[in-house]
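The values are calculated or read from the model by the stated rules, or taken from the named source; none is laboratory data. Here the structure is a predicted model, which means the values were calculated and not measured. Neighbour counts run over all protein chains shown; Cβ positions are idealised from the backbone, glycine included.
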Amino acid sequence: MKKDVKKINRQFLFTMILFILFIVLIVAIILIVDRYVKNSNYVYTILFTLFIIIIYVISVFRRKFYEITNISYLLKIRNKPGKALIMKHSRNMSSFQNYLKRKGFIKFRATQTHTIFYKAHKDHIKKIFRNYILEVVIILPSDIEAFYIDEVDEDIAKIQHNQINNKQKIEKMLITQIKPISDMNDLTKDAIKEIVFIKTKVGIVSTINIGLHYPSNQAIMLYSDEYSPSLYYKYHIDEIKDII
């Protein structure tokens, strides 16, 4: 795992060097144009072309930096994993849903494939220009193999649309997916490890999968107490510890 962290750090450094070289190249071209090109029409054409190239290349580098950074977050979380949680409120699913309601969650929909709760509240972490945090809890039945299903994505999109209609701009989305598991085989472990923490210019999406193992009374998930990519991740983990 440490080798993976070093590898992604090297990728970040290599990408940064390429970006710096690109900036140096652009500056050099501008200086050459300023010194040797006397026709103003040619100058404007060259500068406009450079402007278009700069916008495109910067967007490519921005996506690459976000990709590398987000992979780095996940690797560091996996490098310092936390222990399994002892189930308190989640030992009985009916009681668990009632506890979610007491915590302010609203049941959006219940189907054969999933039950989804949500609550939206003003960002209490960001001090200025605050928008809303959307917290979503998804309960999946044990016979659904995957944690990620299309129906859930569609419901979350509907919730987001409803919040927009209510003049609530969502910038942070914290998704908790919970499913009973019978045994900890490799397939189950891999599914639980498929967590998401994405930080972009438009907001944060954090998704954590939890397997409820009733025989051991443990909630199994991939998280870290020692490393936190943001205060929102820490808040998400604290909220999970409370509801579980």
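General observations
- Picking from residues in the range 66-123 that are among the β-branched types (Val, Ile, Thr) and within 18 Å of the chain's Cα centre (by Cα), the one that is nearest to Tyr227 (Cα to Cα) is Ile77.
- Test: residue in the range 179-191 that is touching an Asp or Glu at 6+ places or on another chain (Cβ under 9 Å) and more than 26 Å from Ala110 (Cβ to Cβ): yes
- Residue identified as modelled with pLDDT under 95, of a type in the set (A, V, I, L, M), touching a Gly at 6+ places or on another chain (Cβ under 8 Å) and buried (at least 17 other Cβ atoms within 10 Å of the Cβ) among Ile220, Ile204: Ile220
- Residue list for the range 77-92, filter: of a type in the set (Val, Ile, Thr) and crowded, with 18+ Cβ neighbours inside 10 Å: Ile77
The rows are residues; the columns are (1) hydroxyl-bearing (Ser, Thr, Tyr); (2) surrounded by fewer than 15 Cβ atoms within 10 Å (Cβ to Cβ); (3) closer than 20 Å to Lys241 by Cα.
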| position | (1), (2), (3) |
| --- | --- |
| Thr69 | yes, no, no |
| Leu75 | no, no, no |
| Ser94 | yes, yes, yes |
| Thr111 | yes, yes, no |
| Lys158 | no, yes, no |
